[in-house]
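Notes follow the structure.
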Amino acid sequence: MKLTVVGTGYVGLVTGVCFAEMGNEVWCVDVDKEKIQGLNQGKIPIYEPGLEDMVKRNMEAGRLHFTTRLEEGLSLSLFLFIAVGTPPGEDGSADLNYVLSVAREVGRKMEKYVVIVDKSTVPVGTADKVREAVAEELKARGRSGLEFDVVSNPEFLKEGAAIDDVMKPDRIIVGTDNVRTAELMKELYSPFVRNGHPILLMDIHSAELAKYAANAMLATRISFMNELAALCEKVGADIEQVRMGIGSDRRIGNSFLYAGLGYGGSCFPKDVKALIHSSREEGLKPTILEAVEEVNKRQRQIFVERIKGYFGSLRGKKLALWGLSFKPQTDDMREAPSVTIAERLLQEGALLTAYDPVAVEVARLLLPSEGITFTKDAYEGLKDADALLLITEWHQFRNPDFERIKSLMKAPVIFDGRNQYDPKVLRSYGYAYFCLGRRQCI
Ligand code: NAD
(Lines give C-alpha, C1' and ligand atoms only; values in the text may rest on other atoms or scores of the structure.)
Protein backbone atom coordinates (compact mmCIF):
# COMPACT_ATOMS: atom_id res chain seq x y z
CA MET A 1 0.00 0.00 0.00
CA LYS A 2 1.14 3.62 -0.41
CA LEU A 3 1.06 6.16 2.37
CA THR A 4 2.28 9.57 3.40
CA VAL A 5 3.28 10.39 6.97
CA VAL A 6 3.36 14.09 7.83
CA GLY A 7 5.69 15.01 10.69
CA THR A 8 9.01 13.18 10.85
CA GLY A 9 9.62 13.25 14.61
CA TYR A 10 9.71 10.35 17.06
CA VAL A 11 6.28 9.09 16.03
CA GLY A 12 6.19 9.95 12.33
CA LEU A 13 9.68 8.69 11.55
CA VAL A 14 9.35 5.42 13.44
CA THR A 15 5.83 4.75 12.13
CA GLY A 16 6.82 5.58 8.56
CA VAL A 17 9.88 3.34 8.67
CA CYS A 18 7.93 0.44 10.20
CA PHE A 19 5.24 0.69 7.50
CA ALA A 20 8.01 0.63 4.88
CA GLU A 21 9.58 -2.38 6.60
CA MET A 22 6.31 -4.24 6.02
CA GLY A 23 6.60 -3.66 2.26
CA ASN A 24 4.54 -0.48 1.93
CA GLU A 25 5.81 2.56 0.05
CA VAL A 26 6.05 5.53 2.39
CA TRP A 27 6.68 9.25 1.97
CA CYS A 28 7.77 10.95 5.19
CA VAL A 29 7.12 14.69 5.05
CA ASP A 30 8.40 17.44 7.32
CA VAL A 31 8.57 21.23 7.18
CA ASP A 32 12.04 21.07 8.71
CA LYS A 33 14.28 21.23 5.62
CA GLU A 34 17.46 20.43 7.52
CA LYS A 35 15.90 17.31 9.04
CA ILE A 36 14.75 16.05 5.63
CA GLN A 37 18.08 16.88 4.01
CA GLY A 38 19.87 14.99 6.78
CA LEU A 39 17.58 11.98 6.49
CA ASN A 40 18.16 11.86 2.75
CA GLN A 41 21.88 11.61 3.57
CA GLY A 42 21.23 8.86 6.12
CA LYS A 43 21.48 11.12 9.21
CA ILE A 44 18.93 10.13 11.86
CA PRO A 45 17.73 13.16 13.83
CA ILE A 46 16.83 11.24 17.00
CA TYR A 47 18.38 8.49 19.08
CA GLU A 48 16.23 5.38 18.84
CA PRO A 49 17.81 1.91 19.02
CA GLY A 50 17.67 0.05 15.69
CA LEU A 51 16.25 2.97 13.73
CA GLU A 52 19.29 3.88 11.65
CA ASP A 53 19.68 0.42 10.06
CA MET A 54 15.99 0.21 9.34
CA VAL A 55 15.90 3.62 7.65
CA LYS A 56 18.90 2.75 5.51
CA ARG A 57 17.52 -0.63 4.50
CA ASN A 58 14.15 0.76 3.43
CA MET A 59 15.62 3.76 1.62
CA GLU A 60 17.89 1.45 -0.34
CA ALA A 61 14.91 -0.74 -1.20
CA GLY A 62 13.16 2.36 -2.60
CA ARG A 63 10.22 2.03 -0.21
CA LEU A 64 11.02 5.03 1.99
CA HIS A 65 11.23 8.63 0.79
CA PHE A 66 11.88 11.85 2.70
CA THR A 67 10.53 15.12 1.37
CA THR A 68 9.37 18.58 2.37
CA ARG A 69 6.68 18.52 -0.32
CA LEU A 70 3.41 17.01 0.86
CA GLU A 71 2.08 16.68 -2.68
CA GLU A 72 4.90 14.33 -3.66
CA GLY A 73 3.40 11.36 -1.83
CA LEU A 74 -0.17 12.58 -1.48
CA SER A 75 -0.98 12.13 -5.15
CA LEU A 76 -0.09 8.42 -4.85
CA SER A 77 -1.14 7.62 -1.29
CA LEU A 78 -4.29 5.92 -0.04
CA PHE A 79 -3.48 6.98 3.56
CA LEU A 80 -2.18 10.27 4.92
CA PHE A 81 -1.00 10.07 8.51
CA ILE A 82 -0.81 13.21 10.63
CA ALA A 83 2.02 12.77 13.14
CA VAL A 84 2.95 16.36 13.98
CA GLY A 85 3.43 17.72 17.50
CA THR A 86 0.57 18.77 19.77
CA PRO A 87 2.45 20.76 22.42
CA PRO A 88 0.69 22.26 25.42
CA GLY A 89 -0.68 25.77 24.96
CA GLU A 90 -0.44 28.39 27.74
CA ASP A 91 -3.62 27.08 29.38
CA GLY A 92 -2.52 23.43 29.19
CA SER A 93 -4.78 22.60 26.25
CA ALA A 94 -3.27 20.75 23.28
CA ASP A 95 -2.13 23.19 20.60
CA LEU A 96 -3.81 21.95 17.42
CA ASN A 97 -2.24 24.51 15.07
CA TYR A 98 0.18 22.01 13.53
CA VAL A 99 -2.48 19.32 13.06
CA LEU A 100 -4.96 21.73 11.48
CA SER A 101 -2.34 23.31 9.28
CA VAL A 102 -1.60 19.85 7.84
CA ALA A 103 -5.34 19.28 7.36
CA ARG A 104 -5.65 22.55 5.44
CA GLU A 105 -2.64 21.71 3.30
CA VAL A 106 -4.18 18.33 2.45
CA GLY A 107 -7.42 20.09 1.50
CA ARG A 108 -5.49 22.44 -0.76
CA LYS A 109 -3.47 19.71 -2.46
CA MET A 110 -5.44 16.46 -2.61
CA GLU A 111 -6.60 15.29 -6.02
CA LYS A 112 -8.17 11.94 -5.14
CA TYR A 113 -9.71 9.95 -2.27
CA VAL A 114 -7.51 9.71 0.81
CA VAL A 115 -7.94 8.36 4.34
CA ILE A 116 -6.62 11.02 6.71
CA VAL A 117 -5.35 9.23 9.81
CA ASP A 118 -4.74 11.23 12.94
CA LYS A 119 -1.86 9.66 14.82
CA SER A 120 -0.95 12.74 16.87
CA THR A 121 -2.36 12.77 20.40
CA VAL A 122 -5.34 15.08 20.19
CA PRO A 123 -8.39 15.99 22.29
CA VAL A 124 -11.83 14.65 21.59
CA GLY A 125 -13.40 16.45 18.64
CA THR A 126 -10.17 16.99 16.70
CA ALA A 127 -11.13 14.59 13.90
CA ASP A 128 -14.24 16.73 13.38
CA LYS A 129 -12.06 19.83 13.17
CA VAL A 130 -9.71 18.12 10.70
CA ARG A 131 -12.70 17.14 8.58
CA GLU A 132 -14.01 20.73 8.61
CA ALA A 133 -10.59 22.20 7.73
CA VAL A 134 -10.16 19.85 4.74
CA ALA A 135 -13.74 20.43 3.58
CA GLU A 136 -13.33 24.22 3.74
CA GLU A 137 -10.22 24.10 1.55
CA LEU A 138 -11.89 21.77 -0.94
CA LYS A 139 -14.86 24.11 -1.10
CA ALA A 140 -12.58 27.09 -1.71
CA ARG A 141 -11.08 25.18 -4.66
CA GLY A 142 -14.51 24.24 -5.97
CA ARG A 143 -13.66 20.56 -5.36
CA SER A 144 -16.19 19.72 -2.65
CA GLY A 145 -17.03 16.52 -4.51
CA LEU A 146 -13.61 14.99 -3.68
CA GLU A 147 -14.10 12.26 -1.10
CA PHE A 148 -12.01 11.69 2.00
CA ASP A 149 -12.36 10.03 5.40
CA VAL A 150 -10.90 10.94 8.76
CA VAL A 151 -9.78 8.25 11.20
CA SER A 152 -8.30 8.43 14.70
CA ASN A 153 -5.40 6.04 15.23
CA PRO A 154 -3.51 7.10 18.36
CA GLU A 155 0.07 5.96 18.82
CA PHE A 156 1.24 4.14 21.97
CA LEU A 157 4.95 3.69 21.25
CA LYS A 158 7.53 4.24 23.98
CA GLU A 159 10.68 6.14 23.08
CA GLY A 160 13.67 3.82 23.50
CA ALA A 161 11.61 0.78 22.45
CA ALA A 162 9.66 2.49 19.70
CA ILE A 163 10.41 0.08 16.87
CA ASP A 164 9.35 -2.95 18.85
CA ASP A 165 6.22 -1.17 20.04
CA VAL A 166 5.19 -0.26 16.50
CA MET A 167 6.11 -3.63 14.97
CA LYS A 168 4.46 -5.64 17.76
CA PRO A 169 1.87 -3.37 19.37
CA ASP A 170 -0.22 -4.48 22.36
CA ARG A 171 -3.24 -3.23 20.43
CA ILE A 172 -4.08 -0.93 17.58
CA ILE A 173 -6.91 1.50 18.14
CA VAL A 174 -8.86 2.65 15.13
CA GLY A 175 -11.58 5.21 15.68
CA THR A 176 -13.80 5.40 12.63
CA ASP A 177 -17.37 6.13 11.63
CA ASN A 178 -17.61 3.91 8.56
CA VAL A 179 -17.00 0.37 7.38
CA ARG A 180 -14.88 1.39 4.39
CA THR A 181 -12.08 2.90 6.48
CA ALA A 182 -12.35 0.16 9.11
CA GLU A 183 -11.60 -2.43 6.41
CA LEU A 184 -8.77 -0.38 4.88
CA MET A 185 -7.13 0.20 8.25
CA LYS A 186 -7.41 -3.49 9.11
CA GLU A 187 -5.70 -4.37 5.83
CA LEU A 188 -2.89 -1.89 6.47
CA TYR A 189 -2.31 -3.07 10.04
CA SER A 190 -2.81 -6.82 9.63
CA PRO A 191 0.96 -7.53 9.29
CA PHE A 192 1.51 -5.93 12.72
CA VAL A 193 -0.96 -8.16 14.56
CA ARG A 194 0.18 -11.61 13.52
CA ASN A 195 0.88 -12.04 17.26
CA GLY A 196 -2.87 -12.12 17.83
CA HIS A 197 -3.03 -8.74 19.50
CA PRO A 198 -6.25 -6.90 18.66
CA ILE A 199 -7.18 -4.13 16.29
CA LEU A 200 -9.83 -2.37 18.35
CA LEU A 201 -12.43 -0.62 16.23
CA MET A 202 -14.35 2.07 18.06
CA ASP A 203 -16.01 5.42 17.57
CA ILE A 204 -13.69 8.35 16.87
CA HIS A 205 -14.25 10.23 20.15
CA SER A 206 -13.50 7.13 22.25
CA ALA A 207 -10.30 6.49 20.27
CA GLU A 208 -9.15 10.06 20.83
CA LEU A 209 -9.85 9.86 24.55
CA ALA A 210 -8.32 6.37 24.95
CA LYS A 211 -4.84 7.75 24.22
CA TYR A 212 -5.06 10.42 26.92
CA ALA A 213 -6.61 7.92 29.32
CA ALA A 214 -3.69 5.50 28.82
CA ASN A 215 -1.03 8.11 29.50
CA ALA A 216 -2.94 9.62 32.41
CA MET A 217 -3.35 6.17 33.98
CA LEU A 218 0.39 5.47 33.73
CA ALA A 219 1.25 8.90 35.13
CA THR A 220 -1.20 8.26 37.97
CA ARG A 221 0.57 5.03 38.89
CA ILE A 222 3.90 6.85 39.04
CA SER A 223 2.55 9.66 41.23
CA PHE A 224 0.73 7.17 43.43
CA MET A 225 3.99 5.34 44.11
CA ASN A 226 5.81 8.60 44.76
CA GLU A 227 3.16 9.63 47.26
CA LEU A 228 3.46 6.23 48.96
CA ALA A 229 7.26 6.60 48.99
CA ALA A 230 6.89 9.73 51.12
CA LEU A 231 4.68 7.80 53.53
CA CYS A 232 7.17 4.92 53.60
CA GLU A 233 9.84 7.31 54.81
CA LYS A 234 7.62 8.50 57.64
CA VAL A 235 6.43 5.09 58.86
CA GLY A 236 9.63 3.11 58.28
CA ALA A 237 8.47 1.02 55.30
CA ASP A 238 10.36 0.40 52.06
CA ILE A 239 8.71 1.44 48.78
CA GLU A 240 10.64 -1.23 46.86
CA GLN A 241 9.14 -3.96 49.03
CA VAL A 242 5.70 -2.38 48.84
CA ARG A 243 6.09 -2.28 45.05
CA MET A 244 6.86 -5.98 44.89
CA GLY A 245 4.01 -6.67 47.28
CA ILE A 246 1.47 -5.03 45.02
CA GLY A 247 3.05 -5.62 41.59
CA SER A 248 2.78 -9.39 42.02
CA ASP A 249 -0.98 -8.98 42.23
CA ARG A 250 -2.16 -9.76 38.69
CA ARG A 251 -4.91 -7.18 38.98
CA ILE A 252 -2.21 -4.52 39.44
CA GLY A 253 0.88 -5.77 37.56
CA ASN A 254 4.45 -4.50 37.78
CA SER A 255 4.65 -1.72 35.20
CA PHE A 256 5.01 1.94 36.10
CA LEU A 257 5.21 1.31 39.84
CA TYR A 258 8.63 2.81 40.39
CA ALA A 259 9.12 5.63 42.83
CA GLY A 260 11.71 8.14 41.64
CA LEU A 261 11.96 11.62 40.22
CA GLY A 262 8.53 11.46 38.60
CA TYR A 263 7.41 11.32 35.01
CA GLY A 264 8.74 13.56 32.25
CA GLY A 265 9.10 13.41 28.49
CA SER A 266 7.08 14.78 25.66
CA CYS A 267 3.89 12.91 26.47
CA PHE A 268 2.84 12.31 30.09
CA PRO A 269 3.18 15.92 31.33
CA LYS A 270 1.42 17.46 28.35
CA ASP A 271 -1.26 14.77 28.12
CA VAL A 272 -2.14 15.00 31.81
CA LYS A 273 -2.36 18.79 31.37
CA ALA A 274 -4.54 18.47 28.26
CA LEU A 275 -6.91 16.04 29.99
CA ILE A 276 -7.19 18.39 32.97
CA HIS A 277 -8.01 21.19 30.55
CA SER A 278 -10.62 19.15 28.66
CA SER A 279 -12.31 18.12 31.93
CA ARG A 280 -12.43 21.71 33.21
CA GLU A 281 -13.82 22.90 29.89
CA GLU A 282 -16.68 20.48 30.38
CA GLY A 283 -17.33 21.91 33.85
CA LEU A 284 -15.76 18.94 35.67
CA LYS A 285 -13.14 19.00 38.39
CA PRO A 286 -10.32 16.59 37.48
CA THR A 287 -9.41 15.93 41.13
CA ILE A 288 -7.22 12.86 40.54
CA LEU A 289 -5.29 14.36 37.62
CA GLU A 290 -4.61 17.60 39.49
CA ALA A 291 -3.13 15.57 42.33
CA VAL A 292 -1.07 13.49 39.89
CA GLU A 293 0.51 16.66 38.54
CA GLU A 294 1.12 18.16 41.96
CA VAL A 295 2.82 15.03 43.31
CA ASN A 296 4.98 14.88 40.19
CA LYS A 297 6.20 18.46 40.63
CA ARG A 298 6.82 17.91 44.33
CA GLN A 299 8.98 14.86 43.73
CA ARG A 300 11.75 16.90 42.09
CA GLN A 301 11.65 19.41 44.93
CA ILE A 302 11.93 16.62 47.51
CA PHE A 303 15.09 15.42 45.79
CA VAL A 304 16.70 18.86 45.75
CA GLU A 305 15.66 19.50 49.36
CA ARG A 306 17.24 16.20 50.37
CA ILE A 307 20.57 17.23 48.86
CA LYS A 308 20.33 20.67 50.41
CA GLY A 309 19.37 19.17 53.75
CA TYR A 310 22.50 17.03 53.74
CA PHE A 311 24.96 19.78 52.88
CA GLY A 312 23.24 22.71 54.59
CA SER A 313 24.30 25.06 51.81
CA LEU A 314 25.00 24.06 48.22
CA ARG A 315 27.13 27.10 47.48
CA GLY A 316 30.33 25.91 45.80
CA LYS A 317 29.41 22.23 46.15
CA LYS A 318 30.44 20.16 43.17
CA LEU A 319 27.67 17.79 42.17
CA ALA A 320 27.98 15.19 39.41
CA LEU A 321 24.82 14.34 37.48
CA TRP A 322 24.51 10.91 35.87
CA GLY A 323 21.82 10.87 33.21
CA LEU A 324 19.99 13.81 31.62
CA SER A 325 17.37 12.39 29.25
CA PHE A 326 13.89 11.98 30.72
CA LYS A 327 14.34 8.21 30.67
CA PRO A 328 16.98 5.74 29.45
CA GLN A 329 17.40 4.76 25.77
CA THR A 330 16.42 8.15 24.39
CA ASP A 331 17.93 11.58 23.84
CA ASP A 332 14.57 13.22 24.46
CA MET A 333 15.00 16.00 27.01
CA ARG A 334 11.46 17.38 26.89
CA GLU A 335 10.21 17.90 30.47
CA ALA A 336 13.17 15.88 31.77
CA PRO A 337 13.50 16.02 35.58
CA SER A 338 17.21 16.78 35.03
CA VAL A 339 16.34 20.25 33.73
CA THR A 340 14.36 21.44 36.77
CA ILE A 341 16.75 19.75 39.17
CA ALA A 342 19.86 21.25 37.54
CA GLU A 343 18.27 24.71 37.46
CA ARG A 344 17.39 24.53 41.16
CA LEU A 345 20.85 23.28 42.13
CA LEU A 346 22.50 26.07 40.13
CA GLN A 347 20.25 28.66 41.79
CA GLU A 348 21.48 27.31 45.13
CA GLY A 349 25.07 27.98 44.04
CA ALA A 350 26.16 24.42 43.21
CA LEU A 351 28.64 23.65 40.43
CA LEU A 352 27.55 20.80 38.20
CA THR A 353 29.12 18.23 35.95
CA ALA A 354 26.78 16.22 33.75
CA TYR A 355 27.11 13.02 31.80
CA ASP A 356 24.59 11.23 29.61
CA PRO A 357 25.34 8.48 27.08
CA VAL A 358 23.35 10.16 24.27
CA ALA A 359 21.46 13.29 25.38
CA VAL A 360 24.28 15.80 25.95
CA GLU A 361 23.91 17.62 22.63
CA VAL A 362 20.17 18.10 23.15
CA ALA A 363 20.70 18.93 26.85
CA ARG A 364 23.14 21.74 26.03
CA LEU A 365 20.29 23.59 24.32
CA LEU A 366 18.01 23.33 27.34
CA LEU A 367 20.23 23.63 30.36
CA PRO A 368 21.78 26.90 31.57
CA SER A 369 25.11 27.48 29.85
CA GLU A 370 26.91 28.59 33.01
CA GLY A 371 27.78 26.40 35.96
CA ILE A 372 27.60 23.05 34.12
CA THR A 373 30.46 21.10 32.61
CA PHE A 374 29.41 18.26 30.30
CA THR A 375 31.73 15.28 30.30
CA LYS A 376 32.31 12.56 27.72
CA ASP A 377 32.80 9.87 30.31
CA ALA A 378 30.71 8.98 33.37
CA TYR A 379 33.68 8.94 35.75
CA GLU A 380 35.34 12.14 34.50
CA GLY A 381 32.83 14.40 36.23
CA LEU A 382 33.27 12.66 39.57
CA LYS A 383 36.74 14.08 40.20
CA ASP A 384 36.56 15.98 43.52
CA ALA A 385 32.76 15.84 43.49
CA ASP A 386 30.92 16.33 46.76
CA ALA A 387 28.10 14.04 45.61
CA LEU A 388 26.94 11.88 42.73
CA LEU A 389 23.32 12.36 41.67
CA LEU A 390 21.72 9.51 39.72
CA ILE A 391 19.05 11.17 37.57
CA THR A 392 18.36 8.73 34.70
CA GLU A 393 18.67 4.97 35.13
CA TRP A 394 20.70 4.09 32.04
CA HIS A 395 21.87 0.44 32.10
CA GLN A 396 25.52 1.45 32.37
CA PHE A 397 24.79 3.09 35.75
CA ARG A 398 23.25 -0.06 37.23
CA ASN A 399 26.46 -1.69 38.33
CA PRO A 400 29.24 0.91 38.24
CA ASP A 401 32.67 0.61 39.81
CA PHE A 402 31.88 1.87 43.30
CA GLU A 403 35.52 1.69 44.44
CA ARG A 404 36.60 3.86 41.53
CA ILE A 405 33.78 6.33 42.14
CA LYS A 406 34.80 6.61 45.78
CA SER A 407 38.45 7.13 44.92
CA LEU A 408 37.58 10.00 42.59
CA MET A 409 35.13 11.87 44.78
CA LYS A 410 35.91 14.32 47.56
CA ALA A 411 33.57 12.33 49.79
CA PRO A 412 31.53 9.21 49.01
CA VAL A 413 27.98 10.53 48.81
CA ILE A 414 25.27 9.32 46.42
CA PHE A 415 21.78 10.69 45.94
CA ASP A 416 19.90 8.08 43.95
CA GLY A 417 16.84 9.56 42.24
CA ARG A 418 15.85 6.19 40.76
CA ASN A 419 16.30 3.78 43.67
CA GLN A 420 18.84 1.82 41.62
CA TYR A 421 21.26 0.72 44.26
CA ASP A 422 21.07 -1.54 47.27
CA PRO A 423 21.42 0.62 50.38
CA LYS A 424 23.24 -2.17 52.25
CA VAL A 425 25.79 -2.63 49.46
CA LEU A 426 26.42 1.11 49.24
CA ARG A 427 26.87 1.34 53.00
CA SER A 428 29.34 -1.54 52.86
CA TYR A 429 31.45 0.51 50.43
CA GLY A 430 31.31 3.38 52.91
CA TYR A 431 28.91 5.66 51.04
CA ALA A 432 26.43 8.04 52.53
CA TYR A 433 23.53 6.88 50.36
CA PHE A 434 20.18 8.60 49.88
CA CYS A 435 17.25 7.38 47.88
CA LEU A 436 13.48 7.77 47.90
CA GLY A 437 11.08 5.93 50.17
CA ARG A 438 13.36 3.12 51.25
CA ARG A 439 14.50 1.89 54.64
CA GLN A 440 18.09 2.79 55.54
CA CYS A 441 18.08 5.56 52.97
CA ILE A 442 16.82 8.44 55.00
P1 NAD B 1 8.14 15.69 17.33
O2 NAD B 1 8.16 17.06 17.85
O3 NAD B 1 9.31 14.78 17.58
O4 NAD B 1 7.90 15.72 15.74
C5 NAD B 1 6.93 16.48 15.12
C6 NAD B 1 7.43 16.82 13.72
O7 NAD B 1 6.38 17.43 12.98
C8 NAD B 1 8.60 17.80 13.70
O9 NAD B 1 9.68 17.23 12.96
C10 NAD B 1 8.03 19.04 12.97
O11 NAD B 1 8.98 19.72 12.20
C12 NAD B 1 6.96 18.41 12.12
N13 NAD B 1 5.91 19.32 11.66
C14 NAD B 1 5.25 20.29 12.33
N15 NAD B 1 4.35 20.88 11.55
C16 NAD B 1 4.42 20.29 10.34
C17 NAD B 1 3.73 20.46 9.12
N18 NAD B 1 2.77 21.37 8.96
N19 NAD B 1 4.07 19.68 8.07
C20 NAD B 1 5.05 18.75 8.20
N21 NAD B 1 5.73 18.55 9.34
C22 NAD B 1 5.41 19.30 10.40
O23 NAD B 1 6.79 15.02 17.89
P24 NAD B 1 6.55 13.51 18.34
O25 NAD B 1 7.20 13.24 19.64
O26 NAD B 1 6.81 12.61 17.18
O27 NAD B 1 4.97 13.57 18.61
C28 NAD B 1 4.03 13.70 17.57
C29 NAD B 1 2.65 13.39 18.14
O30 NAD B 1 2.59 12.03 18.58
C31 NAD B 1 2.29 14.25 19.35
O32 NAD B 1 0.91 14.49 19.34
C33 NAD B 1 2.62 13.32 20.53
O34 NAD B 1 1.86 13.59 21.67
C35 NAD B 1 2.26 11.97 19.97
N36 NAD B 1 2.98 10.85 20.56
C37 NAD B 1 4.31 10.96 20.87
C38 NAD B 1 4.98 9.87 21.41
C39 NAD B 1 6.43 9.98 21.79
O40 NAD B 1 6.90 9.12 22.53
N41 NAD B 1 7.17 10.96 21.31
C42 NAD B 1 4.30 8.66 21.65
C43 NAD B 1 2.95 8.59 21.27
C44 NAD B 1 2.30 9.67 20.74
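Quick check on this structure: which one of GLU48, GLU34 is among the charged types (D, E, K, R), within 11 Å of the ligand (Cβ to nearest atom) and part of a loop (DSSP other than H, G, I, E, B)? Even if it seems obvious, please write down each step before you answer.
Values: GLU34 fails: part of a loop (DSSP other than H, G, I, E, B).
Answer to the selection: GLU48.
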Conditions (1) outside any loop (DSSP other than H, G, I, E, B); (2) open to solvent by 50 Å² or more (accessible area, probe 1.4 Å); (3) over 21 Å from HIS205 (Cβ atoms); number of the one not met by GLU111: (1)
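Within region 330-355, which residues are more than 16 Å from the ligand (Cβ to nearest atom) and either modelled with pLDDT under 95 or polar (S, T, N, Q) (or both)?
Step one: of region 330-355, the residues more than 16 Å from the ligand (Cβ to nearest atom) are 337-355.
SER338, THR340, GLN347, THR353, listed by residue number.
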Conditions (1) without any contact (Cβ under 8 Å) to a residue 40 or more places away in the chain; (2) more than 16 Å from the ligand (Cβ to nearest atom): number failed by ILE173: (2)
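Looking at this structure, is GLY73 surrounded by fewer than 17 Cβ atoms within 10 Å (Cβ to Cβ), of a type outside the set (Val, Ile, Thr) and either more than 26 Å from the chain's Cα centre (by Cα) or near the ligand (Cβ under 10 Å from one of its atoms) (or both)? Spell out how you get there, then give the answer.
On the way: surrounded by fewer than 17 Cβ atoms within 10 Å (Cβ to Cβ): no; of a type outside the set (Val, Ile, Thr): yes; either more than 26 Å from the chain's Cα centre (by Cα) or near the ligand (Cβ under 10 Å from one of its atoms) (or both): yes.
No, not satisfied.
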Of all residues in region 78-92 being more than 14 Å from THR126 (Cα to Cα) and assigned to a loop (DSSP other than H, G, I, E, B), the one that is nearest to the ligand (Cβ to nearest atom): PRO87
LYS308 part of a helix (DSSP H, G or I) and touching a strand residue (DSSP E or B) at 6+ places or on another chain (Cβ under 9 Å): no
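Restricting to region 175-194, and then to whatever is in a helix (DSSP H, G or I) and among the β-branched types (Val, Ile, Thr), can you tell me which residue is surrounded by the most Cβ atoms within 10 Å (Cβ to Cβ)? Don't jump to the end; show me each part of the working.
Taking region 175-194 first, the residues in a helix (DSSP H, G or I) are 179-193.
Next cut, among the β-branched types (Val, Ile, Thr) only: 179, 181, 193.
Details: VAL179: 9, THR181: 22, VAL193: 15.
Ranking the qualifying residues of region 175-194, first place goes to THR181.
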Filtered residues of region 94-108 (kept if open to solvent by less than 30 Å² (accessible area, probe 1.4 Å) and not in a strand (DSSP E or B)): LEU96, VAL99, VAL102, ALA103, VAL106, GLY107
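The values are calculated or read from the model by the stated rules, or taken from the named source; none is laboratory data. This is a predicted model, so every value here is computed, not measured. Here Cβ is always computed from backbone atoms with ideal geometry, including for glycine, and neighbour counts include all displayed protein chains. Please note that ligands, DNA and RNA were not included when accessible areas were found on the heavy atoms of the full protein model with its side chains. Shrake-Rupley method; radii C 1.70, N 1.55, O 1.52, S 1.80 Å.
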